[in-house]
1. On a full-extension model of 0.36 nm per residue, what is the gain between His78 and Ala154, subtracting their alpha-carbon distance, rounded to one decimal in nm?
2. Ranked highest first by the average count of other Cβ atoms within 10 Å around their residues, in what order do 77-90, 120-133, 146-159 fall?
3. Using θ = phi - 60° and the Karplus form 6.51 cos²θ - 1.76 cosθ + 1.60, what ³J(HN,Hα) does each residue of the stretch 83-92 get, whole Hz, x for Gly and Pro?
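None of the figures in this text is laboratory data; all of them are computed from the coordinates on show. Just so you know, these numbers come straight off a predicted model, no measurement behind them. Cβ coordinates were reconstructed from backbone atoms using ideal geometry, including for glycine residues, and neighbour counts include every protein chain displayed.
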Amino acid sequence: MSAQAATSGRMVVRFGSTGHMVMRKTGILAVVLLIVGAVACRGLPPLAEQEQWVREGNLVIERITARAVVNVWGEPPHYQTRFTQFFVMPDFTMIPASRVALGESPRGWEAGVHAGEGVFFLYPDRGWLLVFLDDRLVYKEALKADEMRALIEAWAYEDRFKTRLLDGTSIP
């Protein structure tokens, strides 16, 4: 009774070995989630810094937004938005499936795939194809004039067959 009187008003919780194991696993899980969250939430540099990189021709993957490119280079003469599958490479860079031969995979690719709304900017005067996913530059490719012409023609051909349902215009 004296032990009970000494602890009255306080809750005494005793864990067995199972309780300690659960607490330890919960703690480890919390630390892992904190680390993953910190890595996933890495911020973008300020827009001015991104624009400076674009001016210098330093198109840094995952660090430049479409807004920074448009602010410096202007609206792209040719662009396309489409649901796109991306091959995720071992170094976590992404290659749009449309930039790989049909039925092929990029050299070094293992098994990672991601999909989303890709925004393709084509700047023929600069020789660049830029692809954005979630407003971040994820792919860049320098193209020759004939490659650019072929891509522009392919996009124009595809656009001929789009319905109003696909291009987002409202139906009266």
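1. Residue separation times 0.36 nm, minus the Cα-Cα distance, leaves 26.2 nm.
2. Values: 77-90: 15.7, 120-133: 18.7, 146-159: 12.6.
Descending packing order for the listed peptides: 120-133, 77-90, 146-159.
3. 5, 9, 9, 10, 7, 9, 7, x, 8, 6
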